Amino acid sequence: MGLGLIASIIIGGIAGWIASNLMKANTGLLMNIVLGIVGAFVLNLILSLMGIYAANAWLPQLVVSVLGASLLIWVARRVR
């Protein structure tokens, strides 16, 4: 069973905020949530292709979300 929609939004917001602070990106609340959720999806997909699965709990998903959001910020900067 997944974390649920509300938990995903909360984790996404926290992860996006952490990633934007780590990467020194000036993003707002909505963008932080989007970054965290999309970052978690992208990195979970990449990890699953490598046979690695993050536990379906708050802390592992927060770590994956932060790393995924940071990856998205880095890619966006490289594309620009």
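The values are calculated or read from the model by the stated rules, or taken from the named source; none is laboratory data. Quick caveat, the model's predicted, so the values are computed rather than measured. Neighbour counts run over all protein chains shown; Cβ positions are idealised from the backbone, glycine included.
Filtered by the rule that a residue be over 11 Å from Val66 (Cα atoms) and in contact (Cβ under 8 Å) with a residue 24 or more places away in the chain, region 42-52 gives Val42, Asn44.
In the set Ile37, Ile33, Ile18, Ile14, which member is out of contact with any helix residue (DSSP H, G or I) (no Cβ under 6 Å at 6 or more places or on another chain) and among the hydrophobic types (A, V, I, L, M, F, W, C)? None of the other options fit; the residue is Ile14.
Taking Leu43, is it under 23 Å from Arg80 (Cα atoms) and of a type outside the set (Gly, Ala, Ser)? Spelling it out, Leu43 is indeed under 23 Å from Arg80 (Cα atoms) and of a type outside the set (Gly, Ala, Ser). Looking across region 1-40, just one residue is hydroxyl-bearing (Ser, Thr, Tyr) and over 12 Å from Ala69 (Cα atoms), and that is Ser8. Set side by side, the residues Gly51, Gly4, Gly28 differ, and just one is at pLDDT 90 or above and not aromatic (Phe, Trp, Tyr), which is Gly51.
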